[in-house]
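Values quoted throughout were computed directly from the atomic coordinates according to the rules given, and no laboratory measurement underlies them. Model, not experiment: these values are computed from the prediction. Glycine also receives a Cβ, built like all others from the backbone with ideal geometry; neighbour counts cover every protein chain displayed.
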């Protein structure tokens, strides 16, 4: 089985990686994933990354969303 993944949040334009593979910039809608466990990273320059080590898509799900809110990296000078 498969489900559609949506990745949305602040700030828009963050890069999304699934199991280390770049899939695009947010917002992302209707990215198809098979049932299973995934590592999802959301990164944007000037912000601390958000990482979900075990993001699971269950066989009963048709759609799943990941909502993120990246925090400014105060230690980074741009």
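Here the calculated FRET efficiency for residue 45 and residue 8, from their Cβ-Cβ distance with R0 = 22 Å, stands at 0.70, rounded to the nearest 0.05. Taking label positions 7 Å along the Cα-Cβ direction at both residue 67 and residue 30, the computed distance is 2.2 nm, reported to one decimal.
The three principal axes of the Cα atoms in the chain give end-to-end lengths of 45, 20, 18 Å, sorted in falling order.
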